[in-house]
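K.L.:
Quick one: the structure is below, questions incoming.
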Amino acid sequence: MQYRPLGRTGLNVSLICLGTMTWGEQNTEAEGHAQMDRALERGINFFDTAELYPVPPKAETQGRTESVIGTWFKARKNRDKVILASKVVGRTPMNWFRNGNIPGEQTRAQMTQALEKSLKRLGTDYIDLYQLHWPDRTMPWGSNPTHFKWSDMGDAGNPIEEILDVLGDFVKQGKVRHVGLSNESAWGTMKFLQASEKLGLPRVASIQNAFHLINRTYDVALAEISMREQVSLLAYSPLAQGYLTGKYRNGALPKGSRKEMFNRLQRYEKPGSAEAIELYWALAQELGIDLTKLALAYVNSRPFVGSTIIGATTMEQLETCIDSIDVTITPEIEAKIDAIHQIHMNPAP
């Protein structure tokens with residue numbers, strides 16, 4: 001396993017981060033425990049979860065994933081072996097996160113309640129990296145950023161300075177070690193950095209955004225922030241939620257796949273996506289490399305990436321994803337990838 005700095009925290013995290021969002025829905029508790037056992041054996045020291053998980057988000061399953069991790073910590077007594085990341089939701093009409101069935105937002109009261117509940121489910125008294133799952137303000141993010149209209153921007157949500165102040169109190173209390181962002185923009189990231197410097201509040205260590213072969217929008221603006229400000233990208237959906245394994249090629253719908261079960265992956269079916277995936281598939285065949293490993297290796301190879309977040313529902317998938325660290329993206333391979341990207345640029349943002 002390889003390790004990289006997590007922002008300016010002084011922590012070194014494994015290049016592969018174990019994502020957990022299927023545990024409690026597609027995976028049982030026992031399967032989640034087995035994945036964590038194997039990940040630790042393979043040198044992974046970084047796990048990512050969220051109060052929202054598992055996905056898709058539902059009131060009846062919310063929090064199960066953190067509970068699976070909590071029972072593992074209790075059984076293995078190895079909390080000190082893991083750098084643990086979790087997240088608090090941003091503004092949302094989903095009303096099952098907070099007491100009183102109120103819509104979620106990033107206020108002091110709601111964030112405090114979220115942290116306390118996460119700590120209880122996780123069976124720990126601290127979280128190493130506590131992230132804002134998405135911004136509290138209205139902005140383009142997530143599965144439909146291209147549908148956002150700036151003319152309908154709406155309000156700015158709770159002030160960034162106030163949100164960061166709450167996170168700062170969590171750090172002072174020892175319940176959070178470091179803080180991070182997710183689904184954030186270049187503007188938002190710089191605003192958090194400015195607030196940190198101006199007010200003496202915690203500096204964001206990382207930003208967890210989507211990044212993969214058919215969505216390299218992070219290359220523009222945000223990558224420079226990562227490089228110059230040492231805000232590590234924690235790349236999520238590096239396989240475009242399975243599309244870059246090739247399993248959905250030519251309209252295939254594997255039994256038990258996320259698309260077959262939930263039919264919510266339209267983000268990866270926009271015009272041009274299938275054509276791009278076919279070209280990357282052909283390139284992998286030409287190189288004699290599994291497309292899964294090629295796609296992950298490309299993300300791993302980016303200098304602004306602190307860790308690549310993988311997710312698996314089977315142990316075989318887990319092993320394949322971890323094995324991507326053994327694939328080298330040579331200048332020749334990168335040139336071939338860039339040639340495809342030049343023609344089929346970011347069809348699935």
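The values are calculated or read from the model by the stated rules, or taken from the named source; none is laboratory data. Computed from a predicted model, the values in this text were never measured in an experiment. When we count neighbours, we look across all protein chains shown, and the Cβ atoms used for this are built from the backbone with ideal geometry, even at glycine.
K.L.:
Could you please find all residues in the stretch 314-333 being in a helix (DSSP H, G or I) and within 16 Å of Pro238 (Cα to Cα)?
P.N.:
Passing the criteria: Gln317, Leu318, Glu319, Thr320, Cys321, Ile322, Asp323, Ser324, Ile325.
K.L.:
Return the residues of the stretch 327-338 that are charged (D, E, K, R) and touching a residue at least 24 places away in the same chain (Cβ under 8 Å); say none if nothing qualifies.
P.N.:
Passing the criteria: Glu334, Lys336.
K.L.:
Here's a follow-up. Looking at the stretch 1-27, which of the residues that are more than 16 Å from the chain's Cα centre (by Cα) and in a strand (DSSP E or B) is nearest to Leu52 (Cα to Cα)?
P.N.:
Only one residue tops the list, namely Asn27.
K.L.:
Give the residues of the stretch 98-132 that are more than 14 Å from Gly63 (Cβ to Cβ), assigned to a loop (DSSP other than H, G, I, E, B) and not acidic (Asp, Glu), sorted by residue number.
P.N.:
Residues satisfying the conditions are Gly100, Asn101, Ile102, Pro103, Gln106, Thr107, Thr124, Tyr126.
K.L.:
Does Thr308 meet the test of being buried (at least 19 other Cβ atoms within 10 Å of the Cβ), polar (S, T, N, Q) and over 14 Å from Thr245 (Cβ atoms)?
P.N.:
When the stated conditions are applied, Thr308 passes them.
K.L.:
Also, I was wondering about something else. Going residue by residue through the stretch 43-50, is there one that turns out to be of a type in the set (Asp, Glu), touching a residue at least 12 places away in the same chain (Cβ under 8 Å), surrounded by 16 or more Cβ atoms within 10 Å (Cβ to Cβ) and within 20 Å of Leu233 (Cβ to Cβ)?
P.N.:
yes
K.L.:
Can you name every residue in the stretch 223-238 that is in contact (Cβ under 8 Å) with a residue 60 or more places away in the chain and not small (Gly, Ala, Ser)?
P.N.:
Met227, Gln230, Val231, Leu233, Leu234, Tyr236, Pro238
K.L.:
Just to verify a result, which residue in the stretch 308-349, among those that are of a type in the set (S, T, N, Q) and out of contact with any helix residue (DSSP H, G or I) (no Cβ under 9 Å at 6 or more places or on another chain), is nearest to Ala205 (Cα to Cα)?
P.N.:
That would be Thr330.
K.L.:
Within the stretch 100-154, track down each residue that is buried (at least 17 other Cβ atoms within 10 Å of the Cβ), modelled with pLDDT of 95 or more and of a type in the set (A, V, I, L, M, F, W, C).
P.N.:
Answer for the stretch 100-154, where residues must be buried (at least 17 other Cβ atoms within 10 Å of the Cβ), modelled with pLDDT of 95 or more and of a type in the set (A, V, I, L, M, F, W, C): Met111, Ala114, Leu115, Leu119, Leu122, Ile127, Leu129, Leu132, Trp134.
K.L.:
Does Leu18 count as modelled with pLDDT of 95 or more, surrounded by 22 or more Cβ atoms within 10 Å (Cβ to Cβ), of a type in the set (A, V, I, L, M, F, W, C) and touching a Phe, Trp or Tyr at 6+ places or on another chain (Cβ under 6 Å)?
P.N.:
Answer is yes for this residue.
K.L.:
Of everything in the stretch 161-175, what is assigned to a helix (DSSP H, G or I), within 17 Å of Ser86 (Cβ to Cβ) and out of contact with any helix residue (DSSP H, G or I) (no Cβ under 9 Å at 6 or more places or on another chain)? Give them in sequence order.
P.N.:
Once the filter is applied, which keeps residues that are assigned to a helix (DSSP H, G or I), within 17 Å of Ser86 (Cβ to Cβ) and out of contact with any helix residue (DSSP H, G or I) (no Cβ under 9 Å at 6 or more places or on another chain), the stretch 161-175 yields only Val171.
K.L.:
Regarding Leu233, is this residue of a type in the set (A, V, I, L, M, F, W, C) and in contact with a strand residue (DSSP E or B) (Cβ under 9 Å, 6 or more places away or on another chain)?
P.N.:
yes
K.L.:
Give me a count of the residues in the stretch 28-63 that are in a loop (DSSP other than H, G, I, E, B) and under 18 Å from Thr320 (Cα atoms).
P.N.:
Residues that pass the stated criteria total 4.
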